[in-house]
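Quick note: the coordinates plus some simple rules give every number you see, no bench work behind them. Since we're looking at a predicted model, the values are computed, not measured. All Cβ positions, glycine included, derive from the backbone under ideal geometry; neighbour counts span all protein chains shown.
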């Protein structure tokens, strides 16, 4: 299989249904950002030591690929059978968040991202997730994607935030509270 097809050389690409769209189409911003998110999650997975976290991050990466396939498809298209994201996927993230929160110190203020390279990578993944969420929110408002994708991204960014805090504790990194200059 050739990697280059030359069909996008003029600034268009195809959705899964074959429909041609401009490369600046909002759908492409959405699934391009989820692709970027998947790469950041992969980097994070490579950096963490906790096998339970690694296993969940692999599952997250699978869900992100699933999400991308939906974003690259036209809503309601029955031509292509796609894997699904459902509320059980969101519940997995919520359970992981709750479990981590049990052992974390109470959050009393915003915290500045950083403290350790692994923690910083987690924060970058979180912010890319939020960007993907904004793109998907636009598509959802237009009725182009299922709401469960938006909910999943929202919960995933929460998970990545709490994971950054857990990693700070695990790595003995200092969490720096945000104290705004007056």
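Summary of computed values
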{"quantity": "Theoretical ellipticity at 222 nm over the chain - DSSP helices of four or more residues, -39500 (n - 2.57) apiece, nearest 500", "calculated": "-20500 deg cm²/dmol"}
{"quantity": "Fluctuation leader among 42, 143, 11 - the chain, Gaussian network, Cα springs under 10 angstrom", "calculated": "11"}
{"quantity": "Packing-based order for 26-35, 49-58, using average beta carbon neighbours within 10 Å, highest first", "calculated": "26-35, 49-58"}
{"quantity": "With Cα atoms, 0 to 90° folded angle of helix 51-71 axis to the chain main axis", "calculated": "30"}
{"quantity": "Normalised contact order of segment 115-182, rounded percent, pairs of Cα under 8 Å and 6 or more residues apart", "calculated": "46"}
{"quantity": "Global geometry of segment 30-182, whether rounded, prolate or oblate, following the gyration tensor of its Cα atoms and the 1.5 cut on a/c", "calculated": "prolate"}
{"quantity": "Length-normalised contact order of segment 1-150 in % [C-alpha pairs under 8 Å, at least 6 apart]", "calculated": "31"}
{"quantity": "Relative contact order computed over segment 1-71 (Cα-Cα under 8 Å; 6+ residues apart), in percent", "calculated": "29"}
{"quantity": "Protection proxy ranking, peptides 107-115, 159-167, average beta carbon neighbours within 10 Å, highest first", "calculated": "159-167, 107-115"}
